[in-house]
Amino acid sequence: MIEKLAKQTAIYGISTIVGRFLSYLLTPYFTRIFGKATYGIVTEIYALIPFALVLLSMGFESGYFRFATRAEEAGGDVRRAKNRLYATTATITSLAALLFCALVLLNLHRVAAVMGQAYVEHPEYVAAVAMIILFDVMACIPFSRLREQGRSGTFVALKLLNVVLNVALAFGFGFAGLYDTDFGVGWVFVANLASSAIIWPLVLIKAGVVLPRIDTVLLSKILTYSMPLLLSGLAATGSEFLDRQMIKYIVPQESMAELGLYGAITKIAVVMVLFTQMYRLAAEPFFLAGYNKDDFIKLNAEAMKYFMLVSVVIFLGIAMFRDLFALIVGADFREGTGILPVILAANVAAGMWLNLSFWYKREEKTKYALRVTLAGLAVTLTLGFFLIRFAGYRGAAWARLASEATMVVISLVLNRKYFPTPYDWRRIGEYVAVGAVMYCASEAVLKVLPDPLVHTGVAAMLFAAFIVYAVRRENIDVKGLVRAVMHKFGI
């Protein structure tokens, strides 16, 4: 079964990587045409949007997967039960998004005043973002239905189309000289809005159009399951949103420039986020399916080991070649690459926490998610307040790592107490230790022989050595995995 998870992750991964590669092109473009302070607006907005999506989707994605499995276990008219579930969750999230958008538009100037001078001058930025959130939330449950039905090809195609439209419009606006107009960076949000507005009816058609209706009994059960996940999600995304807000309000000088710098460097580390995201897309419906407890424990333990192995590979691939990855952003932004290994380590910890969250979603003990994420949020606020004051965006990076590490530790304690899972910590520790040795060796070579070509050559040999070691250590059938993915795409 772990091979099935690997194949699904690879399928989602190809689309995610291709899609993000296209959107990745916007980072070098924007960091060359916008200054640090202007790019800070982009950074702030794209930290706000995920926070709003978590709030308005209300944890119903995980709830949808869990209750779809319940419908199958209950038997009877499964199709009718799933349609009722789909209609209820989609209707509630859409109503929440419509209410949110209406409130923002009716109070546009007040919201803009709270967000800062850049938005007071252009409240249209706020309006565009509110509508982006509207369409993305309304598409959330339809996309979840595609995942639950195993229609990864359709899911992938629509997600890629969304990215292609966004990137094409963003570049098109630039070539038309619109970023030089008074509306300026607002055209970035217009491009996003247009792509989201086009994708929403398409995913609605593909997932299946049902009449809006709410089963109040079912809704009550879903809310009981999902509310802790909502609060947990708010705390988790709140940490990422708040570290940017703290940079904005705590850094004494050029705070928006520091925010833009921090945002650009976190974009370089996005490959690690991509892997976690594509893994989540495959793993969430996989682990919330109807496995018995013993099978679930075995699969979860094995998945953690392979997840950490790939995470170490990605960490080494970016951290050891960070000077090359720094070329992605404009020259003015490259001074911040020193925090890249810290951000990468934080992203690895976030992936560990994701793996440690599946048990309480399966057991419907989602209250534990809240304890974990509130602890992480507290660390972000406490450490962030002091570190950002003295070290700016560098302090934000270390506070983020501390927050993610705290959530991992607490998750491990809860797991051992309530749902003991035999994770292979010896093998995981081995991979982390060997990876750390490789990274330290690369850094030592850089200090002794600062020539970029020499360092890149040594780093390439170390990186290749780790790949060979990992493949042989796990007896991974690389050719078989590639053939399975190619077959899925009809190649």
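Just a few scattered comments:
- Matching residues in region 368-401 - criterion: being open to solvent by less than 40 Å² (accessible area, probe 1.4 Å) and not aliphatic (A, V, I, L, M): Tyr368, Thr373, Gly376, Thr380, Gly384, Gly392, Tyr393, Gly395, Arg400
- Ile205 being surrounded by fewer than 16 Cβ atoms within 10 Å (Cβ to Cβ), in a helix (DSSP H, G or I) and modelled with pLDDT of 90 or more: yes
- Members of region 271-298 that are part of a helix (DSSP H, G or I), modelled with pLDDT under 70 and aliphatic (A, V, I, L, M): Val271, Leu281, Ala282, Ala283
- For region 299-356, the set of residues classified as among the aromatic types (Phe, Trp, Tyr) and either in contact with a Gly (Cβ under 7 Å, 6 or more places away or on another chain) or surrounded by fewer than 23 Cβ atoms within 10 Å (Cβ to Cβ) (or both) consists of Tyr306, Phe307, Phe315, Phe321, Phe325, listed by residue number.
- Of all residues in region 161-189, those that are surrounded by fewer than 18 Cβ atoms within 10 Å (Cβ to Cβ) and in a helix (DSSP H, G or I) total 8.
- Selection status of Val437, assigned to a helix (DSSP H, G or I), within 30 Å of Ile467 (Cβ to Cβ), at pLDDT 85 or above and open to solvent by 60 Å² or more (accessible area, probe 1.4 Å): yes
- Total residues in region 445-457, condition open to solvent by 50 Å² or more (accessible area, probe 1.4 Å), part of a helix (DSSP H, G or I) and of a type in the set (A, V, I, L, M): 3
- Cβ-Cβ under 7 Å pairs, at least 6 apart or on other chains, region 444-470 side more than 14 Å from Ile314 (Cα to Cα), far side of a type in the set (Asp, Glu) and surrounded by 14 or more Cβ atoms within 10 Å (Cβ to Cβ): Pro452/Asp323
- Of the residues making up region 38-76, those that are without any contact (Cβ under 8 Å) to a residue 24 or more places away in the chain and of a type outside the set (A, V, I, L, M) are Arg70, Gly75, Gly76.
- The condition of being surrounded by 15 or more Cβ atoms within 10 Å (Cβ to Cβ) and either at pLDDT 85 or above or not polar (S, T, N, Q) (or both) holds for Lys365.
- The residues of region 52-99 that are assigned to a helix (DSSP H, G or I) and open to solvent by 60 Å² or more (accessible area, probe 1.4 Å), listed by number, are Leu55, Arg70, Glu72, Glu73, Ala74, Arg79, Arg80, Arg84, Leu95, Leu98, Leu99.
- For region 355-396, the tally of residues that are charged (D, E, K, R) and closer than 18 Å to Glu240 by Cβ stands at 1.
- Applying a threshold of 8 Å to beta carbon distances and a minimum spacing of six or more residues, or different chains, the list of pairs starting in region 368-383 at a residue that is farther than 11 Å from Ala402 by Cα and of a type outside the set (Lys, Arg) and ending at one that is outside any helix (DSSP H, G or I) and open to solvent by less than 20 Å² (accessible area, probe 1.4 Å) reads Ala369/Ser357; Val372/Ser357.
- Among the candidates Ser403, Ser411, residue that is touching a residue at least 40 places away in the same chain (Cβ under 8 Å), within 28 Å of Lys248 (Cα to Cα) and among the hydroxyl-bearing types (Ser, Thr, Tyr): Ser403
- Any hit, region 345-353, residues being part of a helix (DSSP H, G or I), of a type in the set (S, T, N, Q) and out of contact with any Phe, Trp or Tyr (no Cβ under 8 Å at 6 or more places or on another chain): yes
- Scan of region 29-76 for residues that are of a type in the set (S, T, N, Q) and in contact with a helix residue (DSSP H, G or I) (Cβ under 6 Å, 6 or more places away or on another chain), ordered by number: Thr31, Thr43, Ser57, Ser62
- Any chance Lys248 is open to solvent by 20 Å² or more (accessible area, probe 1.4 Å), in a helix (DSSP H, G or I), touching a helix residue (DSSP H, G or I) at 6+ places or on another chain (Cβ under 6 Å) and not aromatic (Phe, Trp, Tyr): yes
The values are calculated or read from the model by the stated rules, or taken from the named source; none is laboratory data. Here the structure is a predicted model, which means the values were calculated and not measured. Quick reminder, even Gly has a Cβ in these numbers, built from the backbone with ideal geometry, and neighbours come from all protein chains shown. Side chains are part of the model used for accessible areas, which takes the heavy atoms of the whole protein and leaves out ligands, DNA and RNA. Shrake-Rupley method; radii C 1.70, N 1.55, O 1.52, S 1.80 Å.
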